[in-house]
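Right, one structure below, let's go through it.
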Amino acid sequence: MKKTCFIILLVLISTAPVFSQRLKELIIEGDNSPQAFYKGQGCTAEDGVLVFYSAITNLEFDMPNSRSRLIKIAPYDRRYNCYVLCVQPTDTQIGGIARYSLSITAEGYKPVPVFYVSNVKAAVTQYFSVNGKKVKKGYIGLGVGLSTLLAEYTDIESNGLQFNVNAGYLIGNNVGITASFLFTSYTTDYDAKTGLTGGFIGPLISFSNSLQKVEYDIRPTIGFVSGKIKGSNVSFKTENMALAVGVGGSIRWNVSNLISLTGNLDTYFHGEFKESDVFTLEPLSSVGISAGINFRF
C-alpha cells in the first residue's frame, strides 16, 4: 500500500499544473418585455437592438451562424455600463431565421457558446444583464480511510484507520491556505489502541479543469502531533507534542454548488516523543488514503 500511495501522490503533483485556471461563470438574464428603441449608438429605425448591461468591460459578442445579420457592436458604454448590438430583425416566415445564436466571451470567464435571442423587431430594444457568478473559494470537510505505518513494529499492527478534518481557502486564483486535523488509530498486541492526534497548517495549491467540476489540491503542511495508547490495562499520552510535516493531495468532485466529494492521499512524518518512565511511544509516521465529503463556501 505504501508504494501505491507514493506513486499516486507523485502523479497528482506532476500533472496538476496542466489544468486551467478557475473561471467565473457568466449569468445572463433578460427582460421578457421588449422596450422602446435605444438611440444614440448608431442603430437605425430598421434595426433590432440588443442591450446587455454589465459591469464586465471586456465582453466580446459574436453571431457565428449569422454574422451577416450583425450590423454593428457599439463600444462599451461606460456611462450606462452596457453593450449595444444592432441586428437585422428576425424572420418567422418559411426559410427565414426565427432566432439568433449569440456567443459571449470574456477573459477570466467561462465562455457562453450559445445564447438564443428571438422576436427581434425593427426599432424595438431588448434588454439583458450579464453578471459573473461568484466562485466558491473555500471548503471544509471530513475524510475517513486507511492508514499504514512507515516503520514496522513487532507489537503494533501496520494498518489502521485515519480520520481527517480538512479546510482550505483560496486567496488567489490557484494559491491559498489550508488547515487540517489528523486522527490515526492502530491495534497493538497488548489489548490497546495507539495513534496520533495533531493539527497542521500550510499553503494550498489548487488547480481546476476547464469545467471546474473537478479540482486538484496539493497541501504541504507543518504542525504538531501527540501520541496516545488506550486500552483496558493501559492509558498513556505523550508528555510533549512532536513537530510534524505533512504532504497531501486531494481530488474534489463538485457535485453541486454546496457539496463536493473528495479523495485524499496524505503522508505524515514527525519527530520523536520524550521518553517517559511509564511508557515511550515510538514514532508513528504514516501514509493514508481517505474519502469524504466537503461543504463549499
(request) Of the conditions (1) at pLDDT below 90; (2) in the same structural domain as V225 (by TED's automatic domain parsing); (3) of a type in the set (A, V, I, L, M), L146 clears all except one; give me its number. (result) (1)
(request) Among the residues of the range 149-160, write down those that are of a type outside the set (S, T, N, Q) and either part of a strand (DSSP E or B) or closer than 21 Å to F269 by Cβ (or both). (result) L149, L150, A151, E152, Y153, I156, E157, G160
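To keep it simple, each residue is scored yes or no on (1) under 30 Å from V87 (Cα atoms); (2) outside any loop (DSSP other than H, G, I, E, B).
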| position | (1), (2) |
| --- | --- |
| F128 | yes, yes |
| Y139 | no, yes |
| G143 | no, yes |
| S147 | no, yes |
| Q162 | no, yes |
| L182 | no, yes |
| Y190 | no, no |
(request) Answer yes if at least one residue in the range 268-290 is buried (at least 17 other Cβ atoms within 10 Å of the Cβ), of a type in the set (D, E, K, R), touching a residue at least 60 places away in the same chain (Cβ under 8 Å) and in contact with a strand residue (DSSP E or B) (Cβ under 9 Å, 6 or more places away or on another chain), and no otherwise. (result) no
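The values are calculated or read from the model by the stated rules, or taken from the named source; none is laboratory data. Computed from a prediction, not measured in an experiment: that's the story for all the values here. Every residue, glycine as well, gets a Cβ built from its backbone with ideal geometry; the counts of neighbours run over all protein chains shown.
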